[in-house]
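Everything below concerns the one structure shown next.
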Amino acid sequence: MCQFLETIQLRDGQFMRLPRHQSRLERAMADFYPTAIVPLLSNKLAATSFPTDGLYKCRVIYDSEIRLIEFHPYVHPIISTLKIVETDIPSLPYKMADRTDYQAVSALKGDCDDVLLIKNGLLTDTSYCNVALFDGENWVTPLKPLIQGVTRAQLLEDGKLIAKDIKLEELVNFQKIALFNALNEFESIQLEISAISAINILK
């Protein structure tokens, strides 16, 4: 039985971007459990004893129904360097609960803080964040990420990002890279492009 994951930001008692998490849950259930009754995340979360002060990661595991809801205090990671790693992880519109593939590529980071994943010569994501690159005028996000993140979707809808293919050799044309996901806002992790390992080789 396939299980899926929603990682929701809980900030001072408010669940962030909940409608987008609901939409992703509904898509997963429609594809894998079309006869199941779709749970309403807002109702399920409201019925829990959730923290009302501070920043928390809310993890929701589900298949044909919600199996687990848990809360963990969250501290933003410190990411200063990225290592380019090739992958064949499939691109999906939802998050699988099994993160084995991502743990395997993350283990290849070496002395860097995380990996920057390349698939078929195109930029995708890091091991747990969507990315966008700044070309001096616009922020550009890969057209085919491995995960269709909720924050990425919101930024695209708001016109703050442009989605297009970014080839590995085109990385040198950008100035900065931003890492973001449901728990890390767009402004929270931004690095100079020189922070990517082996970037000088591409010049």
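Read the figures in this text as sums done on the coordinates, not as results from a lab. No experiment lies behind these values; they were computed from the predicted model shown. Neighbour counts are summed over all protein chains in view; Cβ atoms, including those assigned to glycine, are modelled from backbone coordinates with ideal geometry.
At a glance:
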item	result
Separation in nanometres of the label points that stand 7 Å from Cα toward Cβ, at E185 and K167	3.7 nm
Estimated FRET transfer efficiency (A46, I89; beta-carbon r; R0 25 Å; 0.05)	0.15
Cα-based convex hull volume of the chain per residue, rounded to whole Å³	119 Å³
Computed [θ] at 222 nm, deg cm²/dmol, the chain (DSSP H ≥ 4; -39,500 (n - 2.57); rounded to nearest 500)	-5000 deg cm²/dmol
Extension gain from A36 to Q175, taking 0.36 nm per residue of separation minus the Cα-Cα distance	45.4 nm
The chain - charge dipole about Cα centre, Lys and Arg +1 at Cβ, Asp and Glu -1, debye rounded to 20	220 debye
J(HN,Hα) series, segment 63-80, from Karplus relation 6.51 cos²θ - 1.76 cosθ + 1.60, nearest Hz, glycine and proline x	9, 6, 7, 6, 9, 7, 10, 9, 10, 9, x, 10, 10, 4, x, 9, 10, 10
Spatial separation of Cα centroids for segment 62-100 and segment 110-175, in angstrom	16 Å
Across K44/K119; K44/K164; K57/K119; K95/K144; K57/K164, pairs whose alpha-carbon gap is larger than 25 Å	K44/K119; K44/K164; K57/K119; K57/K164
Unit charges at the beta carbon, dipole of the chain: most positive-side option, L133, F174, M16	M16
Difference of contour (0.36 nm per residue) and Cα-Cα distance, S194 to R11	62.6 nm
Between 0 and 90°, nearest 10: helix 18-32 axis offset from the chain longest Cα axis	80 degrees
Dipole magnitude of segment 4-73 about its Cα centre (Cβ charges: Lys, Arg +1; Asp, Glu -1), debye to nearest 20	160 debye
Test item: Cα-centred dipole of segment 82-202, Lys/Arg +1 and Asp/Glu -1 on Cβ, debye	200 debye
Rounded if a/c under 1.5, otherwise prolate or oblate - segment 102-195, Cα gyration tensor axes	rounded
